[in-house]
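Working notes for the structure below.
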Amino acid sequence: MNCAKNAPLPPNLTLNLGLKSRNTFGLEVKAERAFEINDAAQLPALFEEIALKHWSWRVLGGGSNVILPPNLEGATLLMNITGQEVVREDESDTYLVVGAGVNWHELVAWTLNHKLPGLENLALIPGTVGAAPIQNIGAYGVEIAQYIDSIEAFDSKSNAFVTLSNKDCQFAYRDSFFKQNPHRFIVTKVIFKIPKAWRARVHYADLANFFTEAGNSNPSTQEIFDAVCQIRTKKLPDPKVIGNAGSFFQNPVVGADQYAQLMKQFPNVVSYPDAAGQRKLAAGWLIDQCGFKGQRVGEVGVYEKQALVIVNHGNATAADILSLAKTIQDSVKGRFGVTLDIEPNIL
Ligand code: EPU
């Protein structure tokens, strides 16, 4: 162990901090020790302290993809590293370095204002830049993995900073190396590689319908950004109004045989082709078919316009949310034989 006794204590520590406004589910949560992280250089000393005191720890970004217990013991790191800067460009790409604490949607808007199109399909996804690669956020046919050059992170195992290339990150649908190795890395900076060649991606049903109805066969970046914002606002609940964490379940992937069986029994099942001949089923459709849309159980419920979203009607706890999730999982399993995995991290 290093001489942690002499390590300076981070000045930005708050004891017993309420986190209701820092998690989009709006759960009543208290953090025993909350450390505001404004600079990656704070991390080595803090992790020496964490090791010395045997504290449990976790990082909170925008709190938009987590289910938090009423009490968070040990150290809670509030990721607040800001800043975005174009660092270099070549003939084909522009490279952008962004702090992990930057708000994702604000970054997307910033890139468009700085003539760096590409991220517009990912507008209005809640959360921070540092959290985005962990679950490889995606929407309307685009995933963040396509735009990541590399990631700078602090490795709590070796107490050192590391740089991971796009390949090292092992991105897959809602998955990454970080997600596979939980509780180890703290993303501090994301280096984006934005191609200079741009093309509109509006093949995803909701977007395609939007532009067909608008009679617009050649939408601009800004028009796509605006359309995505409108579609999301209509379909997904605003966490400021009603607590939620976006999609609560991942779309389950099934093999060709299971898909063929399902199709026989349920010819209307909504699905998309996936890698290696597998099928990704629309979890929202499965849950909807089981009759959960708009249902309420005490303080929790299923959103009335999108069955994939669990909402907090006011005073829900993590236990209420997980209990409803279990009911939904059991019901979908019973009817379709398909297992639904929870998307947000349960801390
Ligand atoms: N559907 C229903 N009932 C519902 C919801 C959906 O029948 O209540 C059916 C519809 O037929 C629809 C299909 O399911 O065509 C798929 O639904 P949708 O287009 O709304 O997309 P999704 O697959 O439910 C995914 C992402 C979203 C992302 C959208 C748009 C996952 C788990 N979710 O949802 O991501 O915004 O596509 O690209 O992959 C998030 O992760 O928080 C999130 C919102």
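The values are calculated or read from the model by the stated rules, or taken from the named source; none is laboratory data. Everything numeric here is computed off the predicted structure, so don't read it as measured data. We place every Cβ from the backbone using ideal geometry, glycine too, and count neighbours over all the protein chains shown.
Data table
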| quantity | calculated |
| --- | --- |
| Residue match in the stretch 214-231 (condition: within 30 Å of Ile346 (Cα to Cα) and aromatic (Phe, Trp, Tyr)) | no |
| Residue satisfying all of: in the stretch 147-163; out of contact with any Phe, Trp or Tyr (no Cβ under 7 Å at 6 or more places or on another chain) and surrounded by 18 or more Cβ atoms within 10 Å (Cβ to Cβ); nearest to Asn244 (Cα to Cα) among these | Ile151 |
| The listed residue being outside any loop (DSSP other than H, G, I, E, B), of a type outside the set (Gly, Ala, Ser) and within 22 Å of Leu112 (Cβ to Cβ), out of Phe178, Phe161, Phe192 | Phe192 |
| Top-ranked residue of the stretch 256-297 - restricted to ones that are of a type in the set (Phe, Trp, Tyr) and near the ligand (Cβ under 9 Å from one of its atoms), ranked as farthest from Arg335 (Cα to Cα) | Tyr272 |
| Where Phe177 falls short, out of the listed (1) under 18 Å from Asp93 (Cβ atoms); (2) touching a Cys at 6+ places or on another chain (Cβ under 8 Å) | (1) |
| Residue check for Arg232: part of a loop (DSSP other than H, G, I, E, B) and within 12 Å of the ligand (Cβ to nearest atom) | no |
| Condition broken by Phe171, with the remaining ones in (1) touching a Ser or Thr at 6+ places or on another chain (Cβ under 7 Å); (2) within 16 Å of the ligand (Cβ to nearest atom); (3) of a type outside the set (Asp, Glu) satisfied | (1) |
| Any pair with Cβ under 8 angstrom, 6 or more apart, that starts in the stretch 103-114 at a residue that is closer than 13 Å to Asp226 by Cα and ends at one that is in a helix (DSSP H, G or I) | Val108/Glu120; Val108/Leu122; Val108/Phe225; Ala109/Phe225; Leu112/Glu120; Leu112/Thr221; Leu112/Gln222; Leu112/Phe225 |
| Positions within the stretch 195-214 being modelled with pLDDT of 95 or more and in contact with a Phe, Trp or Tyr (Cβ under 6 Å, 6 or more places away or on another chain), in sequence order | Val202, Leu207 |
| Ala276, sole failed condition from (1) touching a residue at least 24 places away in the same chain (Cβ under 8 Å); (2) assigned to a helix (DSSP H, G or I); (3) surrounded by fewer than 17 Cβ atoms within 10 Å (Cβ to Cβ) | (1) |
| Given (1) under 23 Å from Gly141 (Cβ atoms); (2) part of a loop (DSSP other than H, G, I, E, B); (3) touching a residue at least 40 places away in the same chain (Cβ under 8 Å), index of the condition Pro239 fails | (1) |
| Pairs, first β-branched (Val, Ile, Thr) in the stretch 202-213, second within 12 Å of the ligand (Cβ to nearest atom) and at pLDDT 95 or above, C-beta under 7 Å, six or more apart | Val202/Ala208 |
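Conditions (1) of a type outside the set (D, E, K, R); (2) touching a helix residue (DSSP H, G or I) at 6+ places or on another chain (Cβ under 9 Å), marked per residue:
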residue: Arg184; (1), (2): no, yes
residue: Val187; (1), (2): yes, yes
residue: Ala197; (1), (2): yes, no
residue: Ala214; (1), (2): yes, yes
residue: Pro219; (1), (2): yes, yes
residue: Lys234; (1), (2): no, no
residue: Pro237; (1), (2): yes, no
residue: Phe248; (1), (2): yes, yes
